[in-house]
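For reference, the structure discussed in these notes is given below.
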Amino acid sequence: MSPSQDLAGRLVELVAALRSKGISAGTSETVDAAAVVEVLGLDDRAQLREGLAAALIRRGGQREVFDMAFDIYFPAGVGAPQAAMDVDDDFDLDDLRDLLAMALAENDLRTLEQVAEIAIDLLGRVGTPDTQSQGFSAYQTLERLRPQTLLTQALEMRGQGGGQGQGQGQGTGGGSGGSPDFTERLERDEVRQNIERFREMVASEARRRTAEVRGRDVVTRHAVRSGTDRVDFLSANRQQLEELARSVQPLSRKLATRLAARRRKNNRGRIDIRRTLRRSMSTGGVPMHPAYAKPHPSRPELVLLCDVSGSVAGFSGFTMHLVQALSGQFSKVRVFAFVNAMDEVTDLVKEGSDDLSARIQAEARITKWHTSSDYGEALGDFHAEYLDAIGPRTAVLILGDARNNNQDPNLGALHDISQRARRTFWLNPEAVMRWGLGDSVAPQYADVVEMHQCSNVDQLTRFITRLLPV
(Lines give C-alpha, C1' and ligand atoms only; values in the text may rest on other atoms or scores of the structure.)
Protein backbone atom coordinates (compact mmCIF):
# COMPACT_ATOMS: atom_id res chain seq x y z
CA MET A 1 0.00 0.00 0.00
CA SER A 2 1.36 3.42 -0.95
CA PRO A 3 1.79 6.13 1.72
CA SER A 4 -0.94 8.25 0.10
CA GLN A 5 -3.42 5.36 0.25
CA ASP A 6 -2.50 4.70 3.90
CA LEU A 7 -2.94 8.40 4.74
CA ALA A 8 -6.34 8.52 3.01
CA GLY A 9 -7.45 5.43 4.91
CA ARG A 10 -6.25 6.92 8.18
CA LEU A 11 -8.21 10.11 7.50
CA VAL A 12 -11.39 8.15 6.72
CA GLU A 13 -10.92 6.19 9.97
CA LEU A 14 -10.57 9.45 11.90
CA VAL A 15 -13.82 10.78 10.42
CA ALA A 16 -15.61 7.51 11.25
CA ALA A 17 -14.32 7.72 14.83
CA LEU A 18 -15.58 11.29 15.17
CA ARG A 19 -18.99 10.28 13.84
CA SER A 20 -19.20 7.48 16.41
CA LYS A 21 -18.68 10.11 19.13
CA GLY A 22 -21.44 12.41 17.92
CA ILE A 23 -19.52 14.77 15.60
CA SER A 24 -21.53 14.98 12.39
CA ALA A 25 -18.69 14.92 9.87
CA GLY A 26 -19.92 13.71 6.48
CA THR A 27 -18.63 13.34 2.94
CA SER A 28 -18.15 17.06 2.30
CA GLU A 29 -16.22 17.51 5.55
CA THR A 30 -14.03 14.52 4.65
CA VAL A 31 -13.25 16.05 1.26
CA ASP A 32 -12.37 19.35 2.97
CA ALA A 33 -10.12 17.49 5.42
CA ALA A 34 -8.33 15.74 2.55
CA ALA A 35 -7.72 19.12 0.92
CA VAL A 36 -6.31 20.41 4.22
CA VAL A 37 -3.86 17.48 4.39
CA GLU A 38 -2.82 18.07 0.77
CA VAL A 39 -2.17 21.76 1.36
CA LEU A 40 -0.56 21.62 4.82
CA GLY A 41 1.27 18.32 4.57
CA LEU A 42 2.57 16.38 7.58
CA ASP A 43 5.65 18.43 8.50
CA ASP A 44 3.93 20.58 11.14
CA ARG A 45 1.67 18.38 13.28
CA ALA A 46 0.24 21.29 15.30
CA GLN A 47 -0.70 23.11 12.09
CA LEU A 48 -2.28 19.93 10.69
CA ARG A 49 -4.31 19.50 13.87
CA GLU A 50 -5.74 23.02 13.59
CA GLY A 51 -6.49 22.61 9.89
CA LEU A 52 -8.35 19.32 10.34
CA ALA A 53 -10.23 20.75 13.32
CA ALA A 54 -11.41 23.67 11.18
CA ALA A 55 -12.58 21.25 8.47
CA LEU A 56 -14.29 18.64 10.67
CA ILE A 57 -15.76 20.54 13.65
CA ARG A 58 -18.99 22.45 13.17
CA ARG A 59 -20.22 23.06 16.72
CA GLY A 60 -18.90 24.10 20.11
CA GLY A 61 -18.07 21.49 22.74
CA GLN A 62 -16.47 19.12 20.21
CA ARG A 63 -12.84 20.22 20.23
CA GLU A 64 -11.78 18.00 23.13
CA VAL A 65 -13.28 14.96 21.41
CA PHE A 66 -11.47 15.84 18.19
CA ASP A 67 -8.12 16.29 19.97
CA MET A 68 -8.39 12.87 21.64
CA ALA A 69 -9.20 11.15 18.34
CA PHE A 70 -6.52 13.09 16.43
CA ASP A 71 -3.82 11.96 18.90
CA ILE A 72 -4.85 8.34 18.30
CA TYR A 73 -5.05 8.40 14.50
CA PHE A 74 -2.21 10.90 13.91
CA PRO A 75 0.13 10.23 16.86
CA ALA A 76 3.29 12.22 17.50
CA GLY A 77 5.35 9.04 17.48
CA VAL A 78 5.30 5.24 17.49
CA GLY A 79 6.39 2.92 20.26
CA ALA A 80 8.25 3.91 23.41
CA PRO A 81 9.31 7.59 23.26
CA GLN A 82 12.97 8.57 23.33
CA ALA A 83 12.63 10.05 26.82
CA ALA A 84 11.57 6.66 28.20
CA MET A 85 14.36 4.80 26.41
CA ASP A 86 17.00 7.21 27.76
CA VAL A 87 16.08 6.51 31.41
CA ASP A 88 18.69 4.62 33.45
CA ASP A 89 17.90 1.21 34.93
CA ASP A 90 18.20 2.54 38.49
CA PHE A 91 15.67 5.35 37.82
CA ASP A 92 12.84 4.78 40.31
CA LEU A 93 9.55 6.31 41.46
CA ASP A 94 11.19 8.82 43.81
CA ASP A 95 13.40 10.11 41.00
CA LEU A 96 10.35 10.47 38.77
CA ARG A 97 8.44 12.42 41.42
CA ASP A 98 11.41 14.77 41.95
CA LEU A 99 11.64 15.37 38.20
CA LEU A 100 7.90 16.05 38.03
CA ALA A 101 8.07 18.49 40.97
CA MET A 102 10.88 20.37 39.26
CA ALA A 103 8.94 20.62 35.99
CA LEU A 104 5.88 21.87 37.89
CA ALA A 105 7.96 24.46 39.74
CA GLU A 106 9.62 25.74 36.56
CA ASN A 107 6.41 25.69 34.50
CA ASP A 108 8.29 23.60 31.91
CA LEU A 109 5.61 22.05 29.69
CA ARG A 110 8.10 20.17 27.51
CA THR A 111 9.60 18.46 30.56
CA LEU A 112 6.09 17.71 31.83
CA GLU A 113 5.37 15.95 28.54
CA GLN A 114 8.55 13.90 28.80
CA VAL A 115 7.76 12.96 32.42
CA ALA A 116 4.32 11.79 31.30
CA GLU A 117 5.93 9.58 28.63
CA ILE A 118 8.39 8.11 31.14
CA ALA A 119 5.65 7.61 33.74
CA ILE A 120 3.42 5.65 31.36
CA ASP A 121 6.32 3.45 30.26
CA LEU A 122 7.55 2.90 33.83
CA LEU A 123 4.31 2.69 35.83
CA GLY A 124 1.40 2.24 33.44
CA ARG A 125 1.78 -1.23 31.96
CA VAL A 126 -1.21 -3.51 32.54
CA GLY A 127 -2.15 -6.99 31.38
CA THR A 128 0.02 -9.76 30.03
CA PRO A 129 2.28 -9.07 27.02
CA ASP A 130 1.05 -10.43 23.67
CA THR A 131 -2.53 -10.79 24.94
CA GLN A 132 -5.71 -8.80 24.35
CA SER A 133 -5.53 -7.46 27.91
CA GLN A 134 -2.18 -5.75 27.31
CA GLY A 135 -2.22 -1.97 27.48
CA PHE A 136 -1.29 1.14 29.46
CA SER A 137 -3.37 2.67 32.24
CA ALA A 138 -3.42 6.38 33.00
CA TYR A 139 -5.34 5.69 36.22
CA GLN A 140 -2.71 3.23 37.49
CA THR A 141 0.09 5.63 36.57
CA LEU A 142 -1.46 8.59 38.38
CA GLU A 143 -2.33 6.50 41.43
CA ARG A 144 1.31 5.44 41.80
CA LEU A 145 2.79 8.83 40.96
CA ARG A 146 0.27 10.95 42.96
CA PRO A 147 1.08 14.30 41.28
CA GLN A 148 -1.47 16.13 43.45
CA THR A 149 0.77 15.60 46.48
CA LEU A 150 3.66 17.51 44.83
CA LEU A 151 2.00 20.93 45.09
CA THR A 152 3.84 21.96 48.27
CA GLN A 153 7.19 20.60 47.05
CA ALA A 154 6.87 22.50 43.75
CA LEU A 155 6.02 25.74 45.57
CA GLU A 156 9.04 25.30 47.88
CA MET A 157 11.28 24.80 44.84
CA ARG A 158 9.92 28.04 43.39
CA GLY A 159 10.71 29.86 46.62
CA GLN A 160 14.27 28.52 46.74
CA GLY A 161 15.12 29.19 43.09
CA GLY A 162 13.07 32.32 42.44
CA GLY A 163 14.77 34.97 44.57
CA GLN A 164 15.63 37.15 41.63
CA GLY A 165 12.23 36.67 40.01
CA GLN A 166 10.47 37.59 43.26
CA GLY A 167 12.52 40.75 43.54
CA GLN A 168 11.55 41.76 40.03
CA GLY A 169 7.91 41.04 40.81
CA GLN A 170 8.04 43.27 43.88
CA GLY A 171 9.60 46.07 41.85
CA THR A 172 6.81 45.87 39.27
CA GLY A 173 4.02 45.64 41.78
CA GLY A 174 5.42 48.10 44.31
CA GLY A 175 2.77 50.64 43.43
CA SER A 176 0.10 48.41 44.89
CA GLY A 177 1.94 48.14 48.19
CA GLY A 178 3.11 44.55 47.58
CA SER A 179 0.86 41.55 48.09
CA PRO A 180 2.79 38.35 48.86
CA ASP A 181 -0.44 36.49 49.65
CA PHE A 182 -1.84 37.36 46.22
CA THR A 183 1.41 36.27 44.52
CA GLU A 184 1.38 33.02 46.47
CA ARG A 185 -2.19 32.31 45.38
CA LEU A 186 -1.28 32.95 41.76
CA GLU A 187 1.68 30.57 41.98
CA ARG A 188 -0.43 27.93 43.69
CA ASP A 189 -3.09 28.19 40.96
CA GLU A 190 -0.44 27.95 38.26
CA VAL A 191 1.01 24.77 39.75
CA ARG A 192 -2.48 23.29 40.08
CA GLN A 193 -3.14 24.05 36.41
CA ASN A 194 0.13 22.37 35.47
CA ILE A 195 -0.86 19.30 37.49
CA GLU A 196 -4.10 19.11 35.48
CA ARG A 197 -2.15 19.53 32.25
CA PHE A 198 0.13 16.70 33.34
CA ARG A 199 -2.88 14.46 34.02
CA GLU A 200 -4.14 15.14 30.49
CA MET A 201 -0.68 14.39 29.06
CA VAL A 202 -0.59 11.06 30.91
CA ALA A 203 -4.08 10.14 29.63
CA SER A 204 -3.12 11.06 26.07
CA GLU A 205 0.09 9.02 26.18
CA ALA A 206 -1.78 6.04 27.65
CA ARG A 207 -4.31 6.16 24.80
CA ARG A 208 -1.53 6.38 22.20
CA ARG A 209 0.47 3.46 23.57
CA THR A 210 -2.63 1.30 24.10
CA ALA A 211 -3.87 1.99 20.56
CA GLU A 212 -0.65 0.49 19.22
CA VAL A 213 -1.20 -2.86 20.96
CA ARG A 214 -5.02 -3.11 21.05
CA GLY A 215 -6.08 -1.17 17.98
CA ARG A 216 -7.26 2.37 17.36
CA ASP A 217 -10.93 1.42 17.11
CA VAL A 218 -10.93 -0.26 20.54
CA VAL A 219 -9.28 2.71 22.23
CA THR A 220 -11.60 5.17 20.49
CA ARG A 221 -14.66 3.22 21.60
CA HIS A 222 -13.64 2.97 25.26
CA ALA A 223 -11.26 5.85 26.00
CA VAL A 224 -12.47 8.79 23.89
CA ARG A 225 -15.35 10.63 25.47
CA SER A 226 -18.40 11.56 23.43
CA GLY A 227 -19.33 15.08 22.41
CA THR A 228 -21.27 17.28 24.80
CA ASP A 229 -24.58 16.40 23.16
CA ARG A 230 -23.93 12.68 23.73
CA VAL A 231 -22.92 12.91 27.41
CA ASP A 232 -25.22 10.78 29.57
CA PHE A 233 -26.97 12.99 32.11
CA LEU A 234 -26.88 10.30 34.81
CA SER A 235 -23.14 9.60 34.53
CA ALA A 236 -21.89 13.13 33.81
CA ASN A 237 -19.17 14.41 36.13
CA ARG A 238 -18.90 17.98 37.42
CA GLN A 239 -16.78 19.17 34.50
CA GLN A 240 -19.21 17.71 31.96
CA LEU A 241 -22.18 19.29 33.74
CA GLU A 242 -20.39 22.65 33.55
CA GLU A 243 -19.85 22.12 29.82
CA LEU A 244 -23.56 21.31 29.44
CA ALA A 245 -24.47 24.49 31.29
CA ARG A 246 -22.33 26.54 28.89
CA SER A 247 -24.14 24.95 25.93
CA VAL A 248 -27.61 26.08 27.06
CA GLN A 249 -27.61 29.51 25.37
CA PRO A 250 -26.34 28.46 21.90
CA LEU A 251 -28.60 25.39 21.99
CA SER A 252 -31.62 27.47 22.96
CA ARG A 253 -31.05 29.83 20.02
CA LYS A 254 -30.96 26.91 17.62
CA LEU A 255 -34.06 25.29 19.12
CA ALA A 256 -35.95 28.62 19.13
CA THR A 257 -35.34 28.91 15.38
CA ARG A 258 -36.69 25.39 14.79
CA LEU A 259 -39.74 25.95 16.98
CA ALA A 260 -40.49 29.22 15.21
CA ALA A 261 -40.32 27.44 11.85
CA ARG A 262 -42.73 24.77 13.07
CA ARG A 263 -45.08 27.47 14.36
CA ARG A 264 -45.09 29.29 11.01
CA LYS A 265 -45.91 26.05 9.26
CA ASN A 266 -48.72 25.21 11.68
CA ASN A 267 -50.20 28.70 11.42
CA ARG A 268 -51.51 27.96 7.94
CA GLY A 269 -54.57 26.56 9.64
CA ARG A 270 -56.51 23.35 8.99
CA ILE A 271 -57.92 22.48 5.58
CA ASP A 272 -61.47 23.81 5.14
CA ILE A 273 -63.18 20.79 3.56
CA ARG A 274 -66.28 22.69 2.43
CA ARG A 275 -64.40 25.51 0.67
CA THR A 276 -61.94 23.04 -0.83
CA LEU A 277 -64.77 20.99 -2.40
CA ARG A 278 -66.40 24.10 -3.80
CA ARG A 279 -63.10 25.16 -5.37
CA SER A 280 -62.67 21.72 -6.90
CA MET A 281 -65.79 22.15 -9.08
CA SER A 282 -63.66 23.96 -11.67
CA THR A 283 -61.30 20.97 -11.89
CA GLY A 284 -63.95 18.26 -12.16
CA GLY A 285 -64.05 17.50 -8.45
CA VAL A 286 -60.26 17.09 -8.08
CA PRO A 287 -59.09 19.21 -5.08
CA MET A 288 -56.13 20.83 -6.82
CA HIS A 289 -56.19 23.98 -4.69
CA PRO A 290 -56.99 23.24 -1.02
CA ALA A 291 -58.52 26.04 1.03
CA TYR A 292 -57.43 26.61 4.62
CA ALA A 293 -59.52 27.77 7.54
CA LYS A 294 -58.48 31.05 9.13
CA PRO A 295 -55.79 30.20 11.72
CA HIS A 296 -56.05 31.23 15.35
CA PRO A 297 -52.38 31.37 16.39
CA SER A 298 -51.66 31.10 20.10
CA ARG A 299 -48.54 30.02 21.87
CA PRO A 300 -48.90 27.12 24.29
CA GLU A 301 -48.27 27.19 28.01
CA LEU A 302 -45.64 24.93 29.52
CA VAL A 303 -45.52 23.31 32.96
CA LEU A 304 -42.47 21.36 34.17
CA LEU A 305 -42.56 18.87 37.05
CA CYS A 306 -38.91 18.12 37.86
CA ASP A 307 -37.42 15.44 40.11
CA VAL A 308 -34.32 17.09 41.63
CA SER A 309 -33.08 14.17 43.72
CA GLY A 310 -29.71 12.47 43.35
CA SER A 311 -28.13 12.08 39.92
CA VAL A 312 -31.40 13.04 38.20
CA ALA A 313 -30.80 16.61 39.41
CA GLY A 314 -28.25 17.20 36.63
CA PHE A 315 -30.80 16.28 33.95
CA SER A 316 -33.57 18.31 35.56
CA GLY A 317 -31.32 21.32 36.14
CA PHE A 318 -30.13 21.39 32.53
CA THR A 319 -33.68 21.06 31.19
CA MET A 320 -34.98 23.80 33.49
CA HIS A 321 -32.27 26.19 32.28
CA LEU A 322 -32.96 25.25 28.67
CA VAL A 323 -36.72 25.75 28.97
CA GLN A 324 -36.18 29.10 30.67
CA ALA A 325 -33.96 30.15 27.76
CA LEU A 326 -36.81 29.09 25.43
CA SER A 327 -39.51 30.86 27.46
CA GLY A 328 -40.10 33.35 24.64
CA GLN A 329 -41.56 30.51 22.60
CA PHE A 330 -44.38 29.96 25.13
CA SER A 331 -47.07 32.23 26.51
CA LYS A 332 -46.35 31.08 30.07
CA VAL A 333 -43.81 28.79 31.75
CA ARG A 334 -44.19 27.45 35.28
CA VAL A 335 -41.65 25.14 36.92
CA PHE A 336 -42.24 22.84 39.90
CA ALA A 337 -39.60 20.77 41.70
CA PHE A 338 -39.98 17.75 43.97
CA VAL A 339 -38.31 14.92 45.79
CA ASN A 340 -41.34 13.73 47.73
CA ALA A 341 -43.12 17.09 48.05
CA MET A 342 -44.03 19.51 45.24
CA ASP A 343 -43.14 23.21 45.31
CA GLU A 344 -43.08 25.93 42.63
CA VAL A 345 -39.60 27.20 41.73
CA THR A 346 -40.45 29.37 38.70
CA ASP A 347 -38.90 32.49 40.25
CA LEU A 348 -35.66 30.65 41.14
CA VAL A 349 -35.33 29.40 37.56
CA LYS A 350 -36.00 32.87 36.13
CA GLU A 351 -33.17 34.33 38.24
CA GLY A 352 -30.78 32.10 36.33
CA SER A 353 -28.58 30.99 39.23
CA ASP A 354 -25.51 28.95 38.23
CA ASP A 355 -26.06 26.49 41.07
CA LEU A 356 -29.81 26.09 40.61
CA SER A 357 -30.01 22.66 42.26
CA ALA A 358 -28.39 23.93 45.47
CA ARG A 359 -30.77 26.90 45.66
CA ILE A 360 -33.78 24.66 45.14
CA GLN A 361 -32.56 22.30 47.84
CA ALA A 362 -32.06 25.23 50.23
CA GLU A 363 -35.09 27.42 49.49
CA ALA A 364 -37.89 25.17 48.18
CA ARG A 365 -40.06 22.73 50.13
CA ILE A 366 -39.32 19.58 48.16
CA THR A 367 -39.14 17.02 51.00
CA LYS A 368 -41.31 16.07 53.95
CA TRP A 369 -40.30 13.78 56.79
CA HIS A 370 -37.84 11.79 54.65
CA THR A 371 -35.51 12.53 51.73
CA SER A 372 -36.23 9.59 49.39
CA SER A 373 -37.99 10.05 46.05
CA ASP A 374 -41.74 9.48 46.14
CA TYR A 375 -43.41 10.30 42.83
CA GLY A 376 -46.84 9.28 44.05
CA GLU A 377 -46.71 11.68 47.00
CA ALA A 378 -45.37 14.52 44.85
CA LEU A 379 -47.99 14.01 42.14
CA GLY A 380 -50.64 13.98 44.86
CA ASP A 381 -49.35 17.34 46.15
CA PHE A 382 -49.51 18.85 42.67
CA HIS A 383 -53.02 17.47 42.13
CA ALA A 384 -54.21 18.98 45.42
CA GLU A 385 -52.46 22.38 45.30
CA TYR A 386 -51.48 23.30 41.75
CA LEU A 387 -53.91 21.61 39.38
CA ASP A 388 -55.25 25.00 38.29
CA ALA A 389 -51.84 25.66 36.66
CA ILE A 390 -52.93 23.33 33.85
CA GLY A 391 -55.38 24.38 31.17
CA PRO A 392 -56.45 23.30 27.66
CA ARG A 393 -53.41 25.01 26.08
CA THR A 394 -50.88 23.59 28.58
CA ALA A 395 -48.18 21.08 27.74
CA VAL A 396 -46.88 19.23 30.81
CA LEU A 397 -43.35 17.80 30.94
CA ILE A 398 -42.48 15.45 33.80
CA LEU A 399 -38.72 14.96 34.30
CA GLY A 400 -37.47 11.98 36.29
CA ASP A 401 -36.37 8.35 36.30
CA ALA A 402 -39.66 7.09 37.84
CA ARG A 403 -37.82 5.25 40.64
CA ASN A 404 -40.38 5.40 43.44
CA ASN A 405 -38.66 3.49 46.29
CA ASN A 406 -41.49 0.92 46.30
CA GLN A 407 -44.11 3.52 47.23
CA ASP A 408 -47.62 3.98 45.80
CA PRO A 409 -47.20 5.45 42.25
CA ASN A 410 -50.54 7.32 42.51
CA LEU A 411 -51.55 6.68 38.90
CA GLY A 412 -54.89 8.41 39.49
CA ALA A 413 -53.25 11.81 40.08
CA LEU A 414 -51.15 11.42 36.95
CA HIS A 415 -54.25 10.43 34.94
CA ASP A 416 -56.11 13.57 36.07
CA ILE A 417 -53.14 15.78 35.19
CA SER A 418 -52.94 14.18 31.75
CA GLN A 419 -56.66 14.58 31.10
CA ARG A 420 -56.60 18.25 32.03
CA ALA A 421 -53.55 19.16 29.87
CA ARG A 422 -53.33 19.54 26.12
CA ARG A 423 -50.38 17.12 25.98
CA THR A 424 -48.40 15.36 28.71
CA PHE A 425 -44.94 13.86 28.23
CA TRP A 426 -42.63 12.06 30.64
CA LEU A 427 -38.90 12.50 29.91
CA ASN A 428 -36.88 9.70 31.48
CA PRO A 429 -33.04 9.99 31.56
CA GLU A 430 -32.65 6.23 32.10
CA ALA A 431 -32.23 3.83 29.19
CA VAL A 432 -35.41 2.02 28.15
CA MET A 433 -33.85 -1.34 29.04
CA ARG A 434 -33.76 -0.28 32.71
CA TRP A 435 -37.41 0.77 32.91
CA GLY A 436 -39.21 -1.55 35.29
CA LEU A 437 -36.06 -2.92 36.94
CA GLY A 438 -35.70 -2.62 40.71
CA ASP A 439 -37.93 0.09 42.13
CA SER A 440 -38.66 1.65 38.72
CA VAL A 441 -42.38 2.09 37.97
CA ALA A 442 -41.71 3.58 34.54
CA PRO A 443 -43.85 1.02 32.63
CA GLN A 444 -46.87 1.83 34.84
CA TYR A 445 -46.50 5.57 34.27
CA ALA A 446 -45.88 4.94 30.54
CA ASP A 447 -49.32 3.33 30.32
CA VAL A 448 -50.85 6.65 31.42
CA VAL A 449 -48.68 9.23 29.56
CA GLU A 450 -46.16 9.17 26.72
CA MET A 451 -42.71 8.38 28.11
CA HIS A 452 -39.54 9.15 26.13
CA GLN A 453 -35.93 8.30 26.85
CA CYS A 454 -33.88 11.53 27.17
CA SER A 455 -30.45 10.38 28.31
CA ASN A 456 -28.45 13.16 26.65
CA VAL A 457 -28.73 16.54 24.96
CA ASP A 458 -29.11 15.00 21.51
CA GLN A 459 -32.22 13.03 22.54
CA LEU A 460 -33.65 16.03 24.41
CA THR A 461 -33.10 18.24 21.35
CA ARG A 462 -34.91 15.78 19.09
CA PHE A 463 -37.86 15.65 21.48
CA ILE A 464 -38.17 19.43 21.69
CA THR A 465 -37.93 20.00 17.95
CA ARG A 466 -40.31 17.18 16.95
CA LEU A 467 -42.88 16.65 19.69
CA LEU A 468 -43.11 19.69 21.93
CA PRO A 469 -46.34 21.58 21.12
CA VAL A 470 -45.85 24.96 19.46
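Got a number for residues in the stretch 340-367 being part of a loop (DSSP other than H, G, I, E, B) and of a type in the set (Val, Ile, Thr)?
First, pick out the residues of the stretch 340-367 that are part of a loop (DSSP other than H, G, I, E, B): 340-341, 345, 352-355, 364-367.
With the extra rule that they be of a type in the set (Val, Ile, Thr), the set shrinks to 345, 366-367.
Adding up the residues that qualify gives 3.
Test Leu468 against the stated conditions and say whether it is open to solvent by less than 10 Å² (accessible area, probe 1.4 Å), closer than 25 Å to Arg264 by Cβ and assigned to a loop (DSSP other than H, G, I, E, B). Please lay out each step first, then the result.
Details: open to solvent by less than 10 Å² (accessible area, probe 1.4 Å): yes; closer than 25 Å to Arg264 by Cβ: yes; assigned to a loop (DSSP other than H, G, I, E, B): yes.
Judged against the criteria, Leu468 is a match.
For the structure I just gave you, tell me whether Ala261 is small (Gly, Ala, Ser), surrounded by fewer than 13 Cβ atoms within 10 Å (Cβ to Cβ), more than 21 Å from the chain's Cα centre (by Cα) and in a helix (DSSP H, G or I).
yes
Among the residues of the stretch 97-126, which ones are within 11 Å of Ala84 (Cβ to Cβ), of a type in the set (A, V, I, L, M, F, W, C) and surrounded by 20 or more Cβ atoms within 10 Å (Cβ to Cβ)?
Val115, Ala116, Ile118, Ala119, Ile120
Check whether at least one residue in the stretch 427-443 is touching a residue at least 40 places away in the same chain (Cβ under 8 Å) and assigned to a helix (DSSP H, G or I), and report yes or no.
Yes, there is a match, as at least one residue in the stretch 427-443 is touching a residue at least 40 places away in the same chain (Cβ under 8 Å) and assigned to a helix (DSSP H, G or I).
Among the numbered conditions (1) more than 30 Å from Tyr139 (Cα to Cα); (2) assigned to a helix (DSSP H, G or I); (3) among the small types (Gly, Ala, Ser); (4) open to solvent by less than 70 Å² (accessible area, probe 1.4 Å), tell me where Ala206 comes up short.
(1)
With the requirement that a residue be within 32 Å of the chain's Cα centre (by Cα) and either on the phi > 0 side of the Ramachandran plot or open to solvent by 40 Å² or more (accessible area, probe 1.4 Å) (or both), what does the stretch 408-425 give you?
Scanning the stretch 408-425 gives Arg422, Arg423.
Going through the stretch 10-29 one residue at a time, which ones are open to solvent by less than 30 Å² (accessible area, probe 1.4 Å), part of a helix (DSSP H, G or I) and farther than 11 Å from Ile57 by Cα?
Leu11, Leu14, Ala17
When you go through (1) under 23 Å from the mean Cα position of the chain (by Cα); (2) modelled with pLDDT of 90 or more; (3) open to solvent by 40 Å² or more (accessible area, probe 1.4 Å) one by one for Lys332, which number turns out not to apply?
(1)
Scan the stretch 348-373 residue by residue and report those that are out of contact with any strand residue (DSSP E or B) (no Cβ under 6 Å at 6 or more places or on another chain) and open to solvent by less than 10 Å² (accessible area, probe 1.4 Å).
Leu356
Only one residue in Ser316, Ser252 is closer than 24 Å to His383 by Cα, crowded, with 20+ Cβ neighbours inside 10 Å and within 25 Å of the chain's Cα centre (by Cα). Which one?
Step by step, each of Ser316, Ser252 is checked, and only Ser316 is closer than 24 Å to His383 by Cα, crowded, with 20+ Cβ neighbours inside 10 Å and within 25 Å of the chain's Cα centre (by Cα).
Starting from the stretch 359-377, keep only residues that are touching a residue at least 12 places away in the same chain (Cβ under 8 Å), then list their pairs with residues that are surrounded by fewer than 17 Cβ atoms within 10 Å (Cβ to Cβ) whose Cβ atoms are within a distance under 6 Å, requiring at least 6 positions of separation or different chains.
Between residues of the stretch 359-377 that are touching a residue at least 12 places away in the same chain (Cβ under 8 Å) and residues that are surrounded by fewer than 17 Cβ atoms within 10 Å (Cβ to Cβ), the close pairs are Ser372/Asn405; Ser373/Asn405; Asp374/Gln407; Gly376/Gln407; Gly376/Asp408.
Given the conditions (1) among the hydrophobic types (A, V, I, L, M, F, W, C); (2) modelled with pLDDT of 90 or more; (3) open to solvent by 60 Å² or more (accessible area, probe 1.4 Å), report the number of the one that Leu241 does not fulfil.
Only one criterion in (1) among the hydrophobic types (A, V, I, L, M, F, W, C); (2) modelled with pLDDT of 90 or more; (3) open to solvent by 60 Å² or more (accessible area, probe 1.4 Å) is unmet by Leu241, namely (2).
Would a scan of the stretch 66-83 turn up a residue that is of a type in the set (Ser, Thr, Tyr) and closer than 23 Å to Arg214 by Cβ?
So in the stretch 66-83, the residues of a type in the set (Ser, Thr, Tyr) come out as 73.
Next cut, closer than 23 Å to Arg214 by Cβ only: 73.
Yes, the stretch 66-83 has at least one match.
With respect to Val213, determine if the residue is β-branched (Val, Ile, Thr), in contact with a strand residue (DSSP E or B) (Cβ under 7 Å, 6 or more places away or on another chain) and not in a loop (DSSP other than H, G, I, E, B). Lay out the reasoning, then the answer.
Numbers: β-branched (Val, Ile, Thr): yes; in contact with a strand residue (DSSP E or B) (Cβ under 7 Å, 6 or more places away or on another chain): yes; not in a loop (DSSP other than H, G, I, E, B): yes.
Here the answer is yes, as Val213 does meet what is asked.
Just one of the numbered conditions (1) open to solvent by 50 Å² or more (accessible area, probe 1.4 Å); (2) of a type in the set (A, V, I, L, M); (3) touching a residue at least 60 places away in the same chain (Cβ under 8 Å) is not true of Leu326; which one?
The failed condition is (1).
Here are some conditions: (1) among the aromatic types (Phe, Trp, Tyr); (2) under 30 Å from Leu251 (Cα atoms); (3) modelled with pLDDT under 90. Phe66 meets all but one. Which one does it not meet?
(3)
The values are calculated or read from the model by the stated rules, or taken from the named source; none is laboratory data. Predicted model, so just to flag it, every value in this text is computed and none were measured. Note: ideal-geometry Cβ built from the backbone for every residue, glycine included; neighbour counts use all protein chains shown. When the accessible area is computed, the model is the full protein with side chains, heavy atoms only, and any ligands, DNA or RNA have been set aside. Shrake-Rupley method; radii C 1.70, N 1.55, O 1.52, S 1.80 Å.
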